[in-house]
1. Name the single residue, out of those in the range A:69-87 being open to solvent by 10 Å² or more (accessible area, probe 1.4 Å) and aliphatic (A, V, I, L, M), that is nearest to the other protein chains (Cβ to nearest Cβ).
2. Right, residue A:56: over 30 Å from residue B:10 (Cβ atoms), within 11 Å of chain B (Cβ to nearest Cβ), over 11 Å from the mean Cα position of the chain (by Cα) and of a type in the set (D, E, K, R) or not?
3. Looking for something at pLDDT 95 or above and over 26 Å from residue A:47 (Cβ atoms) - is there at least one such residue anywhere in the range B:31-46?
4. What number of residues within the range A:90-111 satisfy the criterion of being open to solvent by 20 Å² or more (accessible area, probe 1.4 Å) and within 14 Å of chain B (Cβ to nearest Cβ)?
5. Going through the range A:17-53 one residue at a time, which ones are charged (D, E, K, R), open to solvent by less than 60 Å² (accessible area, probe 1.4 Å) and within 11 Å of chain B (Cβ to nearest Cβ)?
6. Please state which of the following conditions residue B:61 fails to meet, knowing it meets all the rest: (1) away from chain A (no Cβ under 13 Å); (2) surrounded by 15 or more Cβ atoms within 10 Å (Cβ to Cβ); (3) at pLDDT below 95.
7. Suppose we keep only residues that are assigned to a loop (DSSP other than H, G, I, E, B) and in contact (Cβ under 8 Å) with a residue 40 or more places away in the chain within the range B:85-112. Which one would you say is farthest from the other protein chains (Cβ to nearest Cβ)?
8. Using the structure shown, decide if residue A:69 is modelled with pLDDT of 95 or more and in contact with an Asp or Glu (Cβ under 9 Å, 6 or more places away or on another chain).
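The values are calculated or read from the model by the stated rules, or taken from the named source; none is laboratory data. Please read all numbers here as calculations on a predicted model, not as lab measurements. For neighbour counting, all protein chains shown are included, and Cβ atoms are generated from backbone atoms with ideal geometry for every residue, glycine included. Only protein heavy atoms, including side chains, enter the accessible area calculation; ligands, DNA and RNA are left aside. Shrake-Rupley method; radii C 1.70, N 1.55, O 1.52, S 1.80 Å.
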Amino acid sequence: DAGVIQSPRHEVTEMGQEVTLRCKPISGHNSLFWYRQTMMRGLELLIYFNNNVPIDDSGMPEDRFSAKMPNASFSTLKIQPSEPRDSAVYFCASGWDTEAFFGQGTRLTVV
Amino acid sequence: GQQLNQSPQSMFIQEGEDVSMNCTSSSIFNTWLWYKQDPGEGPVLLIALYKAGELTSNGRLTAQFGITRKDSFLNISASIPSDVGIYFCAGQLTGGYQKVTFGIGTKLQVIP
């Protein structure tokens, strides 16, 4: 099993640009999570999908953030427009109700 | 919401030494989880604890679920260079994995 696959691994973009992060969960998992990791705040849950349906998006910081899961094998997290304070490592994790496995993350830098 | 205090936030130790880190919570949890994050990677689950007082080992790692259900510790014995990384505790009261709260992490450096 290849594990959770995220792309890109690194992204550098200018303030105001649109950024799209991608995730391929592990096959057979019914839950998908997007997290943001920063030095100051640690790991924060942004949004949780169950069976491709967004269940809890209370962690999404602003309307600039949106996430989709069009099918069981793909999810995106989009930031539009991006701001320097969005710089962080973004993790996708997939699993079941009681366990999740993390991808390698996307390190986003907004300049 | 629930808050986790993880300590120490960082530590330097000599290879071969034992390490201890802990987490305390402002409220009770039903599950405690310990993760390790290697540089440039995502967190990987090391140990899961499901019952107050439970003591569980995974190789050189030992973790305990505190009796009060508000704390947990992780010990690493005879540290080796590959133990370097960030260790996270995480707690869950009820509900699914989306209810897991993560600590801020303990950054461990091992000096050969």
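1. To start, the set of residues in the range A:69-87 that are open to solvent by 10 Å² or more (accessible area, probe 1.4 Å) comprises A:69-74, A:76, A:78, A:80-81, A:83-85, A:87.
Those left that are additionally aliphatic (A, V, I, L, M): A:69, A:72.
Numbers: A:69: 14, A:72: 17 Å.
Once the filter is applied, the top-ranked residue is A:69.
2. Working: over 30 Å from residue B:10 (Cβ atoms): yes; within 11 Å of chain B (Cβ to nearest Cβ): yes; over 11 Å from the mean Cα position of the chain (by Cα): yes; of a type in the set (D, E, K, R): yes.
Considered against the rule, which asks whether it is over 30 Å from residue B:10 (Cβ atoms), within 11 Å of chain B (Cβ to nearest Cβ), over 11 Å from the mean Cα position of the chain (by Cα) and of a type in the set (D, E, K, R), residue A:56 comes out as yes.
3. Checking the range B:31-46: not a single residue is at pLDDT 95 or above and over 26 Å from residue A:47 (Cβ atoms).
4. Applying the first criterion (open to solvent by 20 Å² or more (accessible area, probe 1.4 Å)) to the range A:90-111 yields A:96-99, A:101-102, A:104, A:107, A:109, A:111.
Narrowing the set further to residues that are within 14 Å of chain B (Cβ to nearest Cβ) leaves A:96-99, A:101-102, A:104, A:107.
Matching residues across the range A:90-111 total 8.
5. Applying the first criterion (charged (D, E, K, R)) to the range A:17-53 yields A:18, A:22, A:24, A:36, A:41, A:44.
Remaining after also requiring open to solvent by less than 60 Å² (accessible area, probe 1.4 Å): A:36, A:44.
Hit for the range A:17-53 is A:44, nothing else.
6. (3)
7. If we filter the range B:85-112 for residues that are assigned to a loop (DSSP other than H, G, I, E, B), which is where we start, we get B:93-96, B:100, B:103-105, B:112.
Right, trim to in contact (Cβ under 8 Å) with a residue 40 or more places away in the chain and you get B:93-94, B:100, B:103-105, B:112.
Values: B:93: 13, B:94: 11, B:100: 8, B:103: 7, B:104: 4, B:105: 6, B:112: 26 Å.
Only one residue tops the list, namely B:112.
8. Details: modelled with pLDDT of 95 or more: yes; in contact with an Asp or Glu (Cβ under 9 Å, 6 or more places away or on another chain): no.
So residue A:69 fails the test.
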